[in-house]
Amino acid sequence: MILPILWMLTVALKGPSAVFEVPPKLLPHEFHFKNFIDGPKVIHFPRLLLNSLVITGLSVIGGVMTSMMAGYALARLRFPGRKVWFYVFVGSMLLPPVVGIIPLFQLFKDIGWYDTWLPLIVPAFLGGNPLFIFLARQYFLSIPHSIDEAAKVDGAGHARIFFSVMLPITKPAWITMSILAFQMSWNDYLNPLIYLYSSQKWPLSVGMASFVTQFAGQTPDWNLYMATNLLYMLPPLIVFFVAQRYFIQGLSALGTVNQR
Amino acid sequence: MKRWIRCAGVLLSAGGLLATAACGGSSGKQSDGKVTVTLMTWESAATNKAIDQALTGFHDPNITVKRVDTPNGNYSDKLAALTQAKKLPDLFWCGNDTEQQYTSQGLLTDWASRLSGSGDFGASSFVSSTMKNWKTADGKIGGVPSLLNTYGIWYDIDAFKAAGITVPAAGWTWDQMFDAAAKLHAKGAKYGLVADALASTDGPFSLSTYALSAGGKPFADNVHQPTRTTIDATYTEGVSKVVAGIKSGAIAPPGYDISNQQGLFAAGQIPMLWSGQWFAAGFLTDKPKIKYGFAPLPQVTKPATLYDAVGICTPSYTQNADATFKVLKYLDSTVWTKVLPDSPVAAPAYLSAQNAYFGALDKAGQTSVAATVKAGLNTPTTIGVRFTTQWASQSNDLITAYWPDILNGKKPLSDLQTMTDKINDVIKNNS
């Protein structure tokens, strides 16, 4: 992991022709720190950063909140068809996401959501991530039922139990989900590419693709690309390092599920 | 916890407001009768900037030209989404394949009547082979060609001198190319010739230049409306020579990573490279360490080359065809004359705009590139680089299943016939 990031850093500091030196040199002859200013300028970085933060922030809140609620219901509530719903959620994980692209595109276009952020955010609020529902359910199953019962004795309803009792003790689970959801939404390229027409609404992932060209005669500015890419990578890295303790806890706790 | 929920609520409301913000984007007629013509390219930020600058020279009080940004990566996906949403800009960069497919589906404005005649923007003012290729079977022209690619052989002059070989020039033969590749390999080059155009799924089409040059039949009788593919004796002879070259190590095998072939050539690591004229633009900025030249594709008895063009298309629902055509005309005739001098990437299809391209090459001392591009444009015998049909991916699958193994010697040459029989079935099923 360290070597690719080091390589990115060295390319980001090189001049445009030094990037193509054969054999490649790890250390640049001259340090072009200006790449970190010129690169972001090419794609209007601050505006796209704000777009990415809003889209990702809302997706994370929506995805994690609804998954936790659905997971709680599947693990703690007794209602008819509970297992069927669980199997439907788990089964939908087997569907490749690409299968839904055309029908969803048609749907969002027909309801007037084309060229808005809604297709990128609203599905998260509708339990759009079955993996998170599965993870949440498994985590809730590992919590002893005596805790709910004690809360019920004190007069708490499900909403109170969920928000005041369950959320604090499932912190590692929803922080893990938040990290994963952040990463997925931050790096999502295809959905914003197809749903957003106006470049003012692009997130950074789409803006980054403006550096790379697949067409004849155009040599990408790899140094500017790498400099901007390092800045693009920073938020997920910060999120991961800040919350990594919970991430490890969340993943390891899934291995100690107490099925009831 | 309450504070957390309140914060989330505020965030949700703010984001919701932002997310539901209405979109602009679409072009059309404004209330004062003025028209906005939208334009989308697949160019880099630098080239787009040059195009924007050139478009400032377009003066029509009733027309505003607005370029719509799109990332260069995944242009075809973006195009597919815009087509589905009926949001295609009035003018968008397109390949010959897109133009043929979209026109046959009625998705593009037919410019045939506006291009007829011998006016200053009639069909005769373009390179003749391009107009022929951009016309559909029923005579429609859904887009106007803009730039033409010419294929040839980039060679490292010093490597050729060191191996005691005469550098390639117009009229050189396939046997001379194979011989040079063997000698360059023997002199220490990893491969004497890197020719992805022969080894990839475009290979069967590229090798048609051998058969055509020898008086034989090309792989496909037509890349737009093919009726059959053929493997004749001359074609098989050409393939057998490539197979021998790959076996000896003189030619790079299928699967060779070409992602940095331009850099490797510029660094003297590839002495002979089959590619297009577009490297010239990159070499002006990246300055190769070697002395290099660009020669036409080799021949057997007469010249034969590949045809490849890109252009500008217009959706059928453009709101003001007159205004759109005016901008299209300006793009093809004038914009390239302002953009290409700084980045001579390809020859314009519009004949009067070609001086700017060749002038830029001459000024940069790229005389062999200019000569080879001119030779390519004047070669009467051409074959398209690949099928432009909607079912092309089906034939590509078959080519992928047979062609690399045949070139690598893992399958016999007789399997060429099996491959073409199967492709002919695909053609038959789709016709």
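No value in this document is a laboratory result; all are computed from the given coordinates. No experiment lies behind these values; they were computed from the predicted model shown. Methodologically, a virtual Cβ is constructed for each residue, glycine included, from the backbone with ideal geometry; neighbour enumeration extends over all protein chains shown.
Neighbouring Cβ atoms from other chains, within 10 Å of the Cβ of residues in B:75-84, number 4 on average. Can you classify the stretch B:158-199 as rounded, prolate or oblate using the Cα gyration tensor, where a ≥ b ≥ c are the square roots of its eigenvalues, rounded means a/c under 1.5, and otherwise it's prolate if a/b beats b/c and oblate if not? Taking the square roots of the gyration eigenvalues as a ≥ b ≥ c, the stretch B:158-199 is oblate. Summed over qualifying helices (DSSP H, 4 residues or more, each -39500 (n - 2.57)) and divided by its residue number, the protein assembly as shown shows a 222 nm mean residue ellipticity of -15500 deg cm²/dmol. Across the stretch A:71-85, computed HN-Hα scalar couplings (Karplus, 6.51 cos²θ - 1.76 cosθ + 1.60, θ = phi - 60°) run x, 4, 4, 5, 8, 10, 9, 9, 8, x, x, 4, 5, 4, 4 Hz from first to last residue, x flagging Gly and Pro. The HN-Hα couplings worked out from phi for the stretch A:31-36 by the Karplus form 6.51 cos²θ - 1.76 cosθ + 1.60 (θ = phi - 60°) are 9, 9, 5, 5, 4, 6 Hz, whole numbers, x standing for Gly and Pro.
The simple Förster model, with R0 at 25 Å and r as the Cβ-Cβ distance, assigns A:Ser198 and A:Phe125 a FRET efficiency of 0.60.
Among the listed pairs A:Lys34/B:Lys34; B:Lys135/B:Lys374; A:Lys14/B:Lys66, those whose Cα-Cα separation exceeds 32 Å are A:Lys34/B:Lys34; A:Lys14/B:Lys66. Put the Cα centre of the stretch A:1-67 next to the Cα centre of the stretch A:106-157 and the gap is 33 Å. Take each residue in A:8-17, count the other chain C-beta atoms within 10 Å of its C-beta, and the mean is 1. Once Rg and the Kirkwood radius are both taken over the C-alpha atoms of the stretch B:169-324, their ratio Rg/Rh works out to 1.05. Residues whose amide H falls under 5 Å from that of B:Ala220, counting only those 5 or more places apart or on a different chain, are B:Thr230, with hydrogens built in the peptide plane. Annotation for B:Lys291 and B:Ser352: the two label points, set 7 Å from Cα along the Cα-Cβ direction, are 4.1 nm apart.
The Kirkwood hydrodynamic radius of chain B, based on inverse pair distances between different Cα atoms, is 23.5 Å.
For the stretch B:263-317, the equivalent ellipsoid built from the Cα gyration tensor has semi-axes of 28, 21, 8 Å, listed from largest to smallest.
A Förster radius of 41 Å combined with the Cβ-Cβ distance from B:Lys187 to B:Thr234 puts the calculated FRET efficiency at roughly 0.85. Averaging the sequence gap over all C-alpha pairs within less than 8 Å and six or more residues apart, then dividing by the number of residues, gives the stretch B:122-273 a relative contact order of 27 percent. Less than 5 angstrom separates the built amide H of B:Tyr151 from those of B:Leu306, all sequence-distant by 5 or more or on a different chain.
Placing R0 at 45 angstrom, the Cβ-Cβ distance between A:Trp85 and B:Asn429 gives a FRET efficiency of 0.55 after rounding to 0.05. In degrees between 0 and 90, to the nearest 10, how far off the longest principal axis of chain B does helix B:354-363 point, with axes built from Cα atoms? Here the helix axis deviates by roughly 60 degrees. Note on chain B: with a GNM built from Cα contacts shorter than 10 Å, the maximum mean-square fluctuation among B:Tyr256, B:Tyr357, B:Tyr307 falls on B:Tyr256. Hydrodynamic analysis of the stretch B:353-393 uses the Kirkwood radius over alpha carbon pairs. Inserted into Stokes-Einstein at 10 °C and 1.306 mPa s, it gives a translational diffusion coefficient of 129 µm²/s. To the nearest ten degrees, helix B:75-84 and the longest principal axis of the Cα atoms of chain B are 40 degrees apart. Highest mobility in the GNM of chain A, judged by mean-square fluctuation with C-alpha springs under 10 Å and restricted to A:Gln106, A:Gln244, A:Gln183, is found for A:Gln106.
With the convex hull drawn around the C-alpha atoms of the protein assembly as shown, the volume per residue stands at 194 Å³.
Given the stretch A:101-260 reduced to its alpha-carbon atoms as identical point scatterers, what log10 I(q)/I(0) does the Debye formula return at q = 0.11 Å⁻¹? Each listed q maps to, in turn, -0.65. Straight Cα distances below 18 angstrom link B:Lys183 to the lysines B:Lys161, B:Lys241, B:Lys247, with same-chain residues fewer than 8 positions distant left out. Take each residue in A:105-116, count the other chain C-beta atoms within 10 Å of its C-beta, and the mean is 3.
Proximity of backbone amide H atoms, modeled 1.01 Å from N, is registered between B:Lys411 and B:Ile406 at under 5 Å, excluding neighbours fewer than 5 places apart on the same chain. The charge dipole of the protein assembly as shown, taken about its Cα centre with unit charges on the Cβ of Lys, Arg, Asp and Glu (plus for the first two, minus for the last two), comes to roughly 1780 debye.
Couplings 3J(HN,Hα) of the stretch B:158-167, computed from phi: 5, 5, 5, 4, 5, 8, x, 10, 5, 5 Hz, in residue order, whole Hz [Karplus 6.51 cos²θ - 1.76 cosθ + 1.60, θ = phi - 60°; x for Gly and Pro]. Its Cα gyration tensor gives the stretch B:180-260 an equivalent ellipsoid. The semi-axes, each the square root of 5 times an eigenvalue, are 26, 15, 8 Å from largest down. Charge dipole of the stretch B:265-371 (Cα centre as origin; +1 on each Lys and Arg Cβ, -1 on each Asp and Glu Cβ, all else neutral): 240 debye, rounded to the nearest 20.
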